[in-house]
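Q: First the structure, which I've put down as structure tokens, then a few questions once you've had a look.
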Amino acid sequence: MVRQRVRLFTAAAGTGGLYCRQDAVSYAKLILLRHGQSIYNKENLFTGWTDIDLSEQGVEEAKEAGRLLAKNGLYPDICFTSWLKRAIHTAQLAMHELEWEQIDCLKSWKLNERHYGAWQQHNKKQIEEEVGEEQFVAVRRGYATPPPPLKEGDPRLPANDPKYRSLDPTLLPRSESLKDTRARTLNYFYEAIAPRLAKEKRVLVSAHGNSLRALVMAIEDLSPEEIVKVEIPTGVPIVYTFDQTLKMLDKNVIESS
């Protein structure tokens, strides 16, 4: 359900006024792209912050996303992605197909997938059998329930990954709910992405199922109960159009015919 009253950026954090330009003659477009199928997606494992790459199918999905963008004349002015290679490579493959590799692609850990804690790298079906369907659904599809956290000394902790060495360790999660993921994702969105949209830019965000669900929740003004039903398909561009006040006008899911 899309609520047309949404004006996402009128109260962006750290601003003293509206993100708008009354003299605008073009429309901002936000292109959300979940990475192509990963190796762990194929194996039905919880991935989270595990830095796993695309499967062969995922590579093709990323390329097809680029072809779909070209077919629809959607050439981004700038790209944002996470610190995880499956999202980075998806953006690179899509832009290669689009023949549009000159644009900047800015990376932030705040666009990473939700951290699945102790469930990371484990089979989803096996976890469901262990904890029961009710708890499994509450964690996986719910809004505020995180998986069990990683324990101190666990090699899967982000603090043990060299790529996060520059960050304050207190910022690095041991487990996250969708609510937690939404907080960090929206923080970066208002800080870095919304200002580009305010200038009527076409912005590509190549990220993950849950970091993108967090954005969709805000853009479409969805409740925690409504976001449970939202699934972001791999490799399928979702395009939002905003007017000059950055009120959402349209949503278009671009799929292969």
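No lab work stands behind these numbers, since they all come straight from the coordinates. Being a predicted model, the structure only gives us computed values, none of them experimental. Note that we place each Cβ from the backbone using ideal geometry, even for glycine, and neighbour counts take in every protein chain shown.
Q: Given the options Ile232, Pro155, Thr47, identify the residue whose Cα lies farthest towards the positive end of the charge dipole of the chain (+1 on Cβ of Lys, Arg; -1 on Cβ of Asp, Glu).
A: Toward the positive end, the furthest listed residue is Ile232.
Q: Let me ask something else. Which of the aspartates and glutamates could a cross-linker bridge to Lys163, judged by Cα under 13 Å and excluding same-chain residues fewer than eight apart?
A: Straight-distance partners of Lys163: Asp51.
Q: Quick one: helix 209-219 against the long Cα principal axis of the chain, what's the angle to the nearest 10°, folded into 0 to 90?
A: Value to nearest ten degrees: 40.
Q: Above 13 angstrom, tally the Cα pairs of the stretch 199-257 and express them as a % of all pairs, no decimals.
A: 66 percent
Q: How long are the semi-axes of the ellipsoid equivalent to the chain, from square roots of 5 times the Cα gyration tensor eigenvalues, in whole Å, largest first?
A: Value: 29, 21, 18 Å, ordered largest first.
Q: If you average the C-alpha positions of the stretch 75-151 and of the stretch 36-50 separately, how far apart do those two centres end up, in angstrom?
A: Using only Cα atoms, the two centres lie 9 Å from each other.
Q: Within a Cβ distance under 15 Å of Thr185, other residues only, what is the Lys/Arg minus Asp/Glu net charge?
A: Net of charged neighbours comes to +3.
Q: Give me the dipole magnitude in Debye, nearest 20, for the chain about the Cα centre, with unit charges on the beta carbon: positive for Lys and Arg, negative for Asp and Glu.
A: Dipole about the Cα centre, nearest 20: 620 debye.
Q: Could you put Trp119, Trp100 in order, starting from the residue whose Cβ has the fewest other Cβ atoms within 10 Å?
A: Arranged by neighbour count, lowest to highest, Trp119, Trp100 become Trp100, Trp119.
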